[in-house]
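The values are calculated or read from the model by the stated rules, or taken from the named source; none is laboratory data. Treat the numbers as computed from the prediction; the structure is a model and nothing was measured. Only protein heavy atoms, including side chains, enter the accessible area calculation; ligands, DNA and RNA are left aside. Shrake-Rupley method; radii C 1.70, N 1.55, O 1.52, S 1.80 Å.
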Amino acid sequence: MEIRDRLVKAGQSELANDLADSLNNRGNVYRDQDKLTEALADYGWAVEICDGLVKAGRSELANDLARNLNNRGVAYHAQGKLTEALLDYNRAVEIRDRLVKAGRSELANDLAWSLNNRGITYHAQGKLTEALRDSDRAVDIYEGLVKAGRSELANELAWSLNNRGNAYHAQGKLTEALRDYDRAYEIYNGLVE
């Protein structure tokens, strides 16, 4: 990564996205090691690089920017910095929503992933209406993808149903919570068999 950094600083800007990818990957490892300060530093640098590239006209890297924002949001959430996490998730959702609406349907899974993360953060803040809204959208997206043949996303659908069930439960809507938990159980049970 140090070589890429030196090349980028020396004018080899075509390697900037590679550097951002390396930073994002290293941030993931730091996050997995619970070294959140280091993870946030790498994610922050990756976001800065990708943001600059997108603003300079490299619109094909917009989802990479959203990925880096989403990952930084996860690290912020893990540190209990929920406001910062929401700022990153909001940008990631906005970017991915725009890309999907522009015809990049292959990114619907990524959009649902960011919606789930944002919903979890809203729930942690006690903003249950917002959490439910995001969980609903994530469930809808994953249901559509699974019905369209993307059976490998059944686990993510079950995860989304659990998240929505948690929001319903916190709102005291026990019937709705049980419905989602039962569906998630059925999916997980089918995946285990």
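Dividing the Cα radius of gyration of the chain by 2.2 N^0.38 Å, with N the residue count, gives 1.10. Result for the chain in a Gaussian network model with C-alpha springs under 10 Å: among Arg31, Arg104, Arg137, the largest mean-square fluctuation is at Arg104.
Just reorder Glu84, Glu186 by solvent-accessible area, largest first, 1.4 Å probe, all chains present. Before the final figure, lay out each step's value.
Values: Glu84 75, Glu186 125 Å².
Sorted descending by solvent-accessible area, the residues read Glu186, Glu84.
Legend: residue pairs Lys55/Lys147; Lys35/Lys147; Lys35/Lys127; Lys81/Lys173, Cα-Cα distance threshold 30 Å; pairs beyond threshold, Lys55/Lys147; Lys35/Lys147.
Ignoring ligands, DNA and RNA, what percent of the accessible area of the stretch 58-193 is carbon or sulfur (1.4 Å)?
Working: 3360 of 6600 Å².
C and S atoms contribute 51 percent here.
Compared with the dominant Cα axis of the chain, that is its longest principal axis, helix 154-170 is turned about 70°. Using alpha carbons only, how many degrees (0 to 90, rounded to 10) separate the axis of helix 62-78 from the longest principal axis of the chain? On a 0 to 90 degree scale, this one is about 70. I need the semi-axes of the equivalent ellipsoid of the stretch 110-155: take the C-alpha gyration tensor, multiply each eigenvalue by 5, square-root it, list largest first in whole angstrom. Computed over the stretch 110-155, the values are 23, 9, 7 Å. Across the stretch 109-193, Cα-Cα pairs farther apart than 19 Å form 32% of the total. Between the helical axis of 128-147 and the longest alpha-carbon principal axis of the chain there is an angle of about 90 degrees. Extents of the stretch 21-129, taken as max minus min of Cα coordinates on every principal axis and listed largest first, are 35, 34, 20 Å.
The heavy atoms of Glu106 present about 100 square angstrom of accessible area, all protein chains included, probe 1.4 Å. Rounded to the nearest whole angstrom, the semi-axes of the ellipsoid equivalent to the stretch 21-75, taken from the Cα gyration tensor as √(5λ), stand at 21, 9, 8, largest first.
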